[in-house]
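For reference, the structure is listed below as structure tokens.
The values are calculated or read from the model by the stated rules, or taken from the named source; none is laboratory data. Computed from a predicted model, the values in this text were never measured in an experiment. For neighbour counting, all protein chains shown are included, and Cβ atoms are generated from backbone atoms with ideal geometry for every residue, glycine included. Ligands, DNA and RNA are stripped out before the accessible areas are found, and what is left, the full protein with its side chains, is counted by its heavy atoms. Shrake-Rupley method; radii C 1.70, N 1.55, O 1.52, S 1.80 Å.
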Amino acid sequence: MGQQARKCLNNWVITVESSREQHQGIIRSTVARRAYEIFERRGCEHGFDLDDWVAAEKELLRDDFDGNTSQFLFFIECPRDPEVTTILSLTTHSMIVFRSHARHAGEVGGGPDVASVHLFPEEIDTTKTNVNGMDGLLHVQIPKRNHRNST
């Protein structure tokens, strides 16, 4: 994992990843895990794998773009629990929001949980991402890479 930048403030962290393939792998495995949970919740009835996959994608993949021509804007819930860290992992084509829970001595656990996935319809400029925390939300502004300001 080629990490280009890491910024840590209070209980949230921004990372910029160079590997688009790594994000795609995380996205696929997260959707697959959720689709399997849907399958189990339905009583393990076979024959609905595509329906389960589509339902999992709808739950996890966010298309919450507001039509702004210069940047993407997001409001992401950031728990005020000091034991929970929100992690924003960015590539030029996606953002994955993770939640990581503090581990205590003797606890065994996996990595952070995927809270949401955002796929960008245009390439973003990860170097100019701006995040501000306010009232339990992270206000995330991400400029589009090829946008030119007109005067």
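Summary of computed values
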| read-out | value |
| --- | --- |
| Residue in region 34-49 that is least open to solvent (accessible area, probe 1.4 Å), counting only those that are assigned to a helix (DSSP H, G or I) and over 19 Å from V117 (Cβ atoms) | F39 |
| Pair list, Cβ < 7 Å and 6+ apart or interchain, from region 114-129 residues that are farther than 18 Å from T86 by Cα to residues that are modelled with pLDDT of 85 or more and among the β-branched types (V, I, T) | E123/T92; I124/T92; I124/I142 |
| Residue satisfying all of: in region 69-84; open to solvent by 40 Å² or more (accessible area, probe 1.4 Å) and more than 13 Å from the chain's Cα centre (by Cα); farthest from M134 (Cα to Cα) among these | T69 |
| Inter-residue pairs, beta-carbon under 6 Å, first outside any strand (DSSP E or B) and in region 87-98, second among the hydrophobic types (A, V, I, L, M, F, W, C), 6+ apart | T92/I124; H93/F120 |
